[in-house]
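The block underneath contains the structure these notes are about, expressed in structure tokens.
The values are calculated or read from the model by the stated rules, or taken from the named source; none is laboratory data. Bear in mind that the values here come from a model prediction, so they are computed numbers and not experimental data. Reconstructed Cβ throughout: ideal geometry from the backbone, glycine too, with neighbour counts over all protein chains shown. Areas reflect the complete protein model, heavy atoms only, side chains present, ligands, DNA and RNA absent. Shrake-Rupley method; radii C 1.70, N 1.55, O 1.52, S 1.80 Å.
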Amino acid sequence: MRIKGKNFDGEGGEEEEQKLVVGYALTLKKKKSFLQPEFERLACKKGILFVAIDVNLPLSDQGPFDIILHKLLGKEWGDIVEDYRQTHPEVTVIDPPHAIQHLHNRQSMLQDVVDLNLSDFHGRVGVPKQMVIMKDPLSIPDEVAKAGLKLPLVAKEIVVDGSAKSHELFLACDWSSLSELEPPLVLQEFVNHDGILFKIYIVGDAIKVVRRFSLSNVNQCQLAKVPGIFPFPRVSSAAASANDADLDPRVAEVPPRPLLERLSKELRHRLGLRLFNIDMIREHGTRDIFYVIDINYFPGYGKMPDYEVIFTDFLLTFKKKKYRAISCED
């Protein structure tokens, strides 16, 4: 896109400035939390223009765009974006729908972490032992026993579809109550982690770590006193931030930077995604044993400190690529 301005000699004329045009397709809730006024102002100063995509019109009839930024659910939208990617290879789509879909299934989302085998790289990273239950709640106690999982267990919906239900978590504290759960679901061993969760935000090559309060440690005596299924409190809200809390330094210490850089680089490559966050915990009583318990696509970046600058810098990398392409054509 070209805009009018002044020549360097001060005379009126036409100066060419390349704007980076970012078409976005977001829910109203996502737009409000992500496209905050301060972010839009900063992006505008840097030559980035956000343009809303009308999902009721053909995507190819809109634009032209340099980037498409999206987080809408549904196969129909995914097919539209995939078709657009094929016919408009010059446009960067963040991110490919087929890659995003991988994180909509909790049965498979953590497999890439398992395959990494980061067992001795500035610490150990794994995933809690887990299993999938597809049907017959009455068989859950026996299935769990056969799999060798230990109580307590975290129960999660198997499909992550953006609904409130898909983000519900429950803690199962005794064997008999397991049959009260409603499949399909994922059962994951609860790992004591001193009530602190590390949310690791990934924006391209950038990494930002935020501490959040989580569920306190659970011991066997407590399990015996509180049988049943209990809802997990949400820990993703800004109100749950533990960044400024007075914590034991051994608990508050964030995972080593080299470990996070290796983990994020490998997952970007394996997942084919640029925007996601990793929920990570440190096992109680250790310094360097970590578990990834969830991965989310295009998370609530508005809750991430300095997100305006980080995300603007991320988008500017594509503007530089655009300038290089234009220079080569000239």
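F198 meets each of the listed conditions (1) in contact with a helix residue (DSSP H, G or I) (Cβ under 8 Å, 6 or more places away or on another chain); (2) of a type in the set (A, V, I, L, M, F, W, C); (3) in contact (Cβ under 8 Å) with a residue 60 or more places away in the chain apart from (1).
For the condition open to solvent by less than 30 Å² (accessible area, probe 1.4 Å), in a loop (DSSP other than H, G, I, E, B) and in contact with a strand residue (DSSP E or B) (Cβ under 8 Å, 6 or more places away or on another chain), L187 does not qualify. The condition of being closer than 22 Å to K29 by Cα and either charged (D, E, K, R) or surrounded by fewer than 20 Cβ atoms within 10 Å (Cβ to Cβ) (or both) holds for only one of R268, R274, R282, that being R274.
Of the residues that sit in the stretch 1-52 and are aromatic (F, W, Y) and at pLDDT 95 or above, which one is farthest from G300 (Cα to Cα)? Of everything passing the filter in the stretch 1-52, F50 is farthest from G300 (Cα to Cα).
What number of residues in the stretch 127-147 are open to solvent by less than 20 Å² (accessible area, probe 1.4 Å) and in contact with a Leu (Cβ under 8 Å, 6 or more places away or on another chain)? Quick ask: steps written out before the conclusion?
The first filter runs over the stretch 127-147 and keeps only residues open to solvent by less than 20 Å² (accessible area, probe 1.4 Å), leaving 128, 133, 140, 144.
Among the residues that remain, those that are also in contact with a Leu (Cβ under 8 Å, 6 or more places away or on another chain) are: 133, 140, 144.
Residues in the stretch 127-147 being open to solvent by less than 20 Å² (accessible area, probe 1.4 Å) and in contact with a Leu (Cβ under 8 Å, 6 or more places away or on another chain): 3 in total.
Looking only at the stretch 51-66, which residues are without any contact (Cβ under 8 Å) to a residue 24 or more places away in the chain, open to solvent by 70 Å² or more (accessible area, probe 1.4 Å) and assigned to a loop (DSSP other than H, G, I, E, B)? It would help to see each step written out before you state the result.
Just the residues of the stretch 51-66 that are without any contact (Cβ under 8 Å) to a residue 24 or more places away in the chain, to begin with: 54, 56-58, 61.
The next check asks that each one be open to solvent by 70 Å² or more (accessible area, probe 1.4 Å); those that pass are 56-58, 61.
Selection gives N56, L57, P58.
The set of residues in the stretch 245-261 that are assigned to a helix (DSSP H, G or I) and open to solvent by less than 80 Å² (accessible area, probe 1.4 Å) comprises V251, A252, P258, L259, L260.
Taking each residue of the stretch 67-87 that is closer than 17 Å to L28 by Cα and looking for partners that are hydroxyl-bearing (S, T, Y) and crowded, with 16+ Cβ neighbours inside 10 Å with beta-carbon atoms closer than 8 Å, six or more apart or interchain, yields I68/Y24; I68/Y84; I68/T92; L69/Y24; H70/Y24; K71/Y297.
If the requirement is being touching a Gly at 6+ places or on another chain (Cβ under 6 Å) and either of a type in the set (S, T, Y) or open to solvent by 70 Å² or more (accessible area, probe 1.4 Å) (or both), which of these qualifies: S108, S163, S177?
After ruling out the rest, the residue left standing is S177.
Is it true that some residue in the stretch 203-212 is crowded, with 19+ Cβ neighbours inside 10 Å and within 23 Å of Q107 (Cβ to Cβ)? No, that holds for no residue. Only residues that are among the aliphatic types (A, V, I, L, M) and either out of contact with any helix residue (DSSP H, G or I) (no Cβ under 8 Å at 6 or more places or on another chain) or without any contact (Cβ under 8 Å) to a residue 40 or more places away in the chain (or both): list them for the stretch 129-177, please. Within the stretch 129-177, V132, M134, A145, A147, L149, L153, V154, A155, I158, A164, L169, L171 qualify. The criterion of at least 1 residues that are more than 16 Å from the chain's Cα centre (by Cα) and closer than 20 Å to H269 by Cβ is met by the following helices (runs of 4 or more DSSP H) wholly inside the stretch 67-132: 75-87, 111-116.
Counting only residues that are open to solvent by 20 Å² or more (accessible area, probe 1.4 Å) and within 17 Å of D95 (Cα to Cα), the stretch 18-50 holds 6 of them.
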